[in-house]
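The values are calculated or read from the model by the stated rules, or taken from the named source; none is laboratory data. None of these values were measured; they are calculated from a predicted model. Cβ: placed from backbone, ideal geometry, glycine included. Neighbour counts: every protein chain shown.
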Amino acid sequence: MRKVLEDAAQRAISYLETLDSRPVAPLPNAVAKLSVLDQPLPEKPNKPETALKVLDEVCSPATMGISGRRFFGFVIGGSLPVTLAANWLAGAWDQNTGYYNITPATAYLEQIALGWLLDLLHLPRESGGGFVTGATVANFSALAAARHTVLKNAGWNVEADGLVGAPPITVIAGAEAHPTLTKSLGLLGLGRNRAIKIPVDSQGRMRAGALPPLSGPTIVCTQAGNVNTGAFDPISEICDLAHRSNAWVHVDGAFGLWARAVPSMAEVTRGMDKADSWATDFHKWLNVPYDSGIALVRDADALRAAMAITAEYLPTDSPFRGPSDFVPELSRRARGVEVWAALHSLGRTGVSEMIARNCRQARRFAEGLQAAGYEVLNQVVLNQVLVSFGDLAMTNRVIAAIQKDGTCWCGGTVWQGRTAMRISVCSWATTDDDVELSLKAMLRIAKECKQ
């Protein structure tokens, strides 16, 4: 066992140490080599070392350098060394973190991490939370709690009686709501197409004044951090309007919620604590390994009512929270271990500095591109930059050339009818030198594409 684990550790360390010296995207010949994996199931056992050798020599070169310093393609963080190490240790523990009585160490770590997170993000300390795979399931879980509450207030037990015959729920969201929110509504039986879509402004912010009159069971879904522009809905104003009619307000804050950890960004996140639930990712701006997110609900009992599971063989009687009472899964890994390690390692000021640094680096990208004559389409309020290099064909040509060059990696998007390159800065490892190196490559390639 020791030999296999040491081999894996050395291969992983070597991968990370050489990651930033190779192109960010895998080379075509490395991707083509994946075809050697297409073999029949082995009839007889192989040595574990052989499996690791194949994984490393065939698959490592074909990976995208997501955990490196110059991947800006999506809102994806790297892994802080301490969180990767904690992930390895938690994997060795192999704790099915469902109940405190069975897995006390990891259940307790999640309880501590939840308290630290609420403190860091200045959210109601009585809130409940479920450590889940990411924002999709976090939105699903929080909206399940919302569904429970608005129907309970209407005299209906949705967990017991389902949605057939239930009072209708009005769902309201901005026209720029993220697809994961829409998917969650579909999974909950609230319909992907039934939500009333509210018009947005030029930055993708929901227009609070366009909210319709609210009555009956209602859920209003807001956004903290538009995936293209980084903009925030006017959540404080929306909460004030919605709560007059006893509507539930949810915040999809997959990455934008982390701005609450930065004192200088207090104005843009003002009033977010008025909401009833929040969803965010840890594998984005907290830079822990995939997959990791959390659903936060002011009324912890509502989340528990929507998610709890019981059976005669389950040890549910406990002095501490049972993690499985707050998430969809019964079987689940100990995701809170890496979260605890990140928060313990960084502390309040470390998290704040990391978020603020990435936002500053995003502004530097925007300034450099604008100075060279290219159009930045958004107000850079967070870590997102949208840049157009001209018409659709030119912009797509530049994006493809940047991806092929390998210095950095950025993706394309369409924003309110305009094709753009999207730069997302959210890795702990990205340095100012990386930004300058990437910016220089972008400007060189854009100039070459014009010729």
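How many residues does the range 412-436 hold that are surrounded by 15 or more Cβ atoms within 10 Å (Cβ to Cβ), within 30 Å of Gly350 (Cα to Cα) and not β-branched (Val, Ile, Thr)? So that I can check it myself, show each step before the final result.
So the first thing to find is which residues in the range 412-436 are surrounded by 15 or more Cβ atoms within 10 Å (Cβ to Cβ), and the list is 412-413, 415-416, 419-430, 434-435.
Checking which are within 30 Å of Gly350 (Cα to Cα) leaves us with 421-430, 434-435.
Subsequent filtering for residues that are not β-branched (Val, Ile, Thr) retains 421-422, 424, 426-429, 434.
Residues that pass the stated criteria total 8.
Starting from the range 393-420, take each residue that is farther than 19 Å from Glu176 by Cα and list its partners that are of a type in the set (Lys, Arg), counting only C-beta distances under 6 angstrom and pairs at least six apart or across chains.
Going by the 6 Å Cβ cut-off, the qualifying pairs are Cys408/Arg70.
For Ala32, work out the one condition from (1) assigned to a helix (DSSP H, G or I); (2) out of contact with any helix residue (DSSP H, G or I) (no Cβ under 7 Å at 6 or more places or on another chain); (3) within 26 Å of Ser79 (Cβ to Cβ) it doesn't fulfil.
(3)
Taking into account only those residues within the range 230-276 that are in contact with an Asp or Glu (Cβ under 8 Å, 6 or more places away or on another chain), assigned to a loop (DSSP other than H, G, I, E, B) and of a type outside the set (A, V, I, L, M, F, W, C), which is farthest from Leu377 (Cα to Cα)?
Per the stated criteria, the residue is Asp276.
Is it fair to say Arg444 is over 19 Å from the mean Cα position of the chain (by Cα) and either in the same structural domain as Leu27 (by TED's automatic domain parsing) or not small (Gly, Ala, Ser) (or both)? Don't jump to the end; show me each part of the working.
Working: over 19 Å from the mean Cα position of the chain (by Cα): yes; either in the same structural domain as Leu27 (by TED's automatic domain parsing) or not small (Gly, Ala, Ser) (or both): yes.
So Arg444 passes the test.
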